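Trainee: If you scroll down you'll find the structure; I have some questions about it.
The values are calculated or read from the model by the stated rules, or taken from the named source; none is laboratory data. For clarity, every value in this text was computed on a predicted model and none was experimentally measured. Note that we place each Cβ from the backbone using ideal geometry, even for glycine, and neighbour counts take in every protein chain shown. Accessible surface is based on the protein model in full, side chains and every heavy atom, while ligands, DNA and RNA are left aside. Shrake-Rupley method; radii C 1.70, N 1.55, O 1.52, S 1.80 Å.
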Amino acid sequence: MLLKRILSRYPLVAALMLALLPLHGHAQQFEQVGDYQIHYSAVSTSFLPQEVAEAHGIQRSPAMALLNVSVLEEVDGQLRPVNAPVSGTFGELQGQDRTPLEFRTLREGDAQSQIALFRMLDDEPMHFALEVRYDRNREPAEVNFVQRFHIER
């Protein structure tokens, strides 16, 4: 499987992906759009290993979180990474105020993902609204999810 090969060849990507799996029983989430899988995960930056955070210029903090979005396309039964620009916003579940997310591309070898840092709200559900341009010839996929964070003090 291509994903297994990528993770074994690029240990920083493997560490980042493992660190980004949400804790407390939540699995990494994804949405299937045709032959594409849009994976997304958000976690406190304090869970990132120090060397991974330093290598990618990410500040570790109990009050900051990182949203990771990656897209895989199934081609002939194999999954391959796709460069997919992402834009989006986040905010309180019931609130009208939306804050834009500023994504940047994280690449290592063939693996790539879009990451954005944001300040968590403690014990409040946060709504994320993303547009993922998985195929430049199609309308972007809309991905919406709600997640609650707990700031470790």
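Trainee: Protein chains only, probe 1.4 Å: how do V75, V69 rank by accessible area, largest first?
Mentor: Values: V75 55, V69 5 Å².
Largest to smallest exposure gives the sequence V75, V69.
Trainee: Here is a further query. In cubic angstrom, how much convex hull volume per residue do the alpha carbon atoms of the stretch 69-127 span? All intermediate terms of the calculation are to be shown ahead of the outcome.
Mentor: Details: hull volume 6.8 nm³, N = 59.
It is 114 Å³ per residue.
Trainee: Return the loop-located GluC sites (Glu not before Pro) in the stretch 49-116 (DSSP other than H, G, I, E, B) with at most 15 other Cβ atoms within 10 Å of their own Cβ; answer none if there are none. Each step should come with its number before you reach the end.
Mentor: Numbers: sites: E51, E54, E73, E74, E92, E102, E108; in loops: E102.
Sites meeting the loop and neighbour criteria: E102.
Trainee: Cα convex hull of the stretch 45-153: mean projected area in nm², to one decimal?
Mentor: Working: hull surface 32.8 nm².
Averaging across all directions leaves 8.2 nm² for the Cα convex hull.
Trainee: Could you please report the charge total around V143, scoring K, R as +1 and D, E as -1 over all other residues with beta-carbon less than 9 angstrom from its beta-carbon? It would help to have the intermediate numbers written out before the result.
Mentor: Values: positive: none; negative: E31, E131, E142.
Spelling it out: positives minus negatives among the neighbours equals -3.
Trainee: What is the calculated FRET efficiency for R98 to R136, with r their C-beta to C-beta distance and R₀ = 22 Å, to the nearest 0.05? Mind showing how you got there, number by number?
Mentor: Details: r = 25 Å, r/R0 = 1.15.
The value I calculate is 0.30.
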